[in-house]
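The structure appears below as structure tokens.
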Amino acid sequence: MDRDEAIEIGLVLYPGVQAASVYGLTDLFAVANQMAAARSPDAAHLRVSHWQRSGDAVTRAFDSEPGPGDGPVVIIVPPTLGDPIDREAAQPYAAWLRARHAAGATLGSVCAGAFVLAESGLLSGRPATTHWAYQEALATRFPDIALDADKLVIDDGDIITAGGYMAWTDLGLKIVDRILGSAVMMDTARFMLVDPPGREQRFYNPFAPRLTHGDAAILKVQHWLQQVGGRNVTAGAMAEKAGLEERTFLRRFHKATGLKPTEYCQHLRVSKARELLESSTQPIDQVAWDVGYDDPGSFRKVFIKVTGLAPSDYRRRFGAEQNRSAFHEEMPAMG
């Protein structure tokens, strides 16, 4: 195949970028090329480039196929292991991303890479995701983004965003699927032993209640709910514990925690259920009873609502005993 038939994907090397994701994506696209060539010698292939700031410009720092070209048709902003980039440092990359997008490039981000992409202004009014640990910071800095941190990948056509640190595999496979087709994507996923796209970030997101909101009366209730596990409590009892009229309590509780009291208690109980499903082999009906649900059907509905998985599916995916058995089955005999 001629060099000019390559489809270029650019990776942005901004300050603090996670090197493992940059090289991981580079390798993933190389594997995809191998899988595509194995299916057809005439298949399209991917050219991978790395871009970093040089003076006032953003230029290539690496190219898997050095030579002329029109620039990347897909650009990915990888994650960082540190704090999200500050606004001033992001500006040169944001301006470059705007220009490439105007020229027709599809843009993507992973985890805190969304902060770089958001500085371009191109996420304004658009659906996007990021790592659940960064969702509040991203929403505060860019309140006009339609943020949904439950999603691991949001494909909005010309902009694709992915959530957690390792979601670069999901984003990379999504792009392979789009450019080289689903068969090559599945071949690549199997070769790399990673799940194909389709997971949700809320499978992995633990419940982390807001406790630094500064409302002492609500914090008192939160500490009490933690002690009782959110079981057998009413809004009236919580309001009494807070020393507030019930309507005032409901308004202040939602403002402080971002959740209604019933939702908050559901999260507490499901969080405990997740621990039991991960660490024990006791029947799911017993788990439901232990966290305060008399009706296993109701427990299942709430669990699915919060985590996106049925309790049995959650145990199969995350249960320690299940994973330990699978590990021993896959280990070769020694000696």
Scan the range 11-29 for residues that are closer than 19 Å to V73 by Cβ and among the polar types (S, T, N, Q) and jot them down. T26
Complete set of residues in the range 232-266 that are assigned to a loop (DSSP other than H, G, I, E, B) and surrounded by fewer than 15 Cβ atoms within 10 Å (Cβ to Cβ): N232, T234, G243, E245, G258, K260
Of the numbered conditions (1) in contact with a helix residue (DSSP H, G or I) (Cβ under 7 Å, 6 or more places away or on another chain); (2) surrounded by 15 or more Cβ atoms within 10 Å (Cβ to Cβ); (3) in contact (Cβ under 8 Å) with a residue 40 or more places away in the chain, A183 satisfies every one except a single condition; which is it? (2)
It is to be established whether one or more residues within the range 119-130 are modelled with pLDDT of 95 or more, under 20 Å from the mean Cα position of the chain (by Cα) and part of a helix (DSSP H, G or I). yes
Checked against (1) closer than 18 Å to Q227 by Cα; (2) free of Cβ contacts under 8 Å to residues at least 40 places away in the same chain, R269 satisfies every condition except (2)
Across the range 52-71, the tally of residues that are touching a helix residue (DSSP H, G or I) at 6+ places or on another chain (Cβ under 7 Å) and under 21 Å from Y23 (Cβ atoms) stands at 3
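Among the residues of the range 78-101, is there at least one that is part of a strand (DSSP E or B), over 22 Å from P143 (Cα atoms) and free of Cβ contacts under 8 Å to residues at least 24 places away in the same chain?
No, that holds for no residue.
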Being over 20 Å from Q135 (Cα atoms), modelled with pLDDT under 85 and not small (G, A, S), is that true of even one residue in the range 216-224? no
R190: over 27 Å from W289 (Cα atoms), outside the structural domain of A114 (by TED's automatic domain parsing) and out of contact with any helix residue (DSSP H, G or I) (no Cβ under 7 Å at 6 or more places or on another chain), yes or no? no
Is one or more of the residues making up the range 51-61 in a loop (DSSP other than H, G, I, E, B) and either in contact with a strand residue (DSSP E or B) (Cβ under 9 Å, 6 or more places away or on another chain) or under 30 Å from R87 (Cβ atoms) (or both)? yes
Would you check which residues across the range 153-184 are out of contact with any Lys or Arg (no Cβ under 8 Å at 6 or more places or on another chain), in a helix (DSSP H, G or I) and either of a type in the set (D, E, K, R) or at positive phi (or both) and list them? K174, D177, R178
Report whether or not R47 is outside any helix (DSSP H, G or I), touching a helix residue (DSSP H, G or I) at 6+ places or on another chain (Cβ under 9 Å), among the charged types (D, E, K, R) and in the same structural domain as T130 (by TED's automatic domain parsing). yes
In the range 11-44, residue nearest to C111 (Cα to Cα) [restricted to those that are assigned to a loop (DSSP other than H, G, I, E, B) and polar (S, T, N, Q)]: Q18
Hits in the range 267-304 - residues which are exposed (fewer than 15 other Cβ atoms within 10 Å of the Cβ), out of contact with any Leu (no Cβ under 9 Å at 6 or more places or on another chain) and outside any helix (DSSP H, G or I): T281, P283, D294, D295
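The values are calculated or read from the model by the stated rules, or taken from the named source; none is laboratory data. Everything numeric in this text was worked out from a predicted model, so none of it was measured. With ideal geometry, Cβ positions are generated from the backbone for all residues, glycine too; neighbour counts draw on all protein chains shown.
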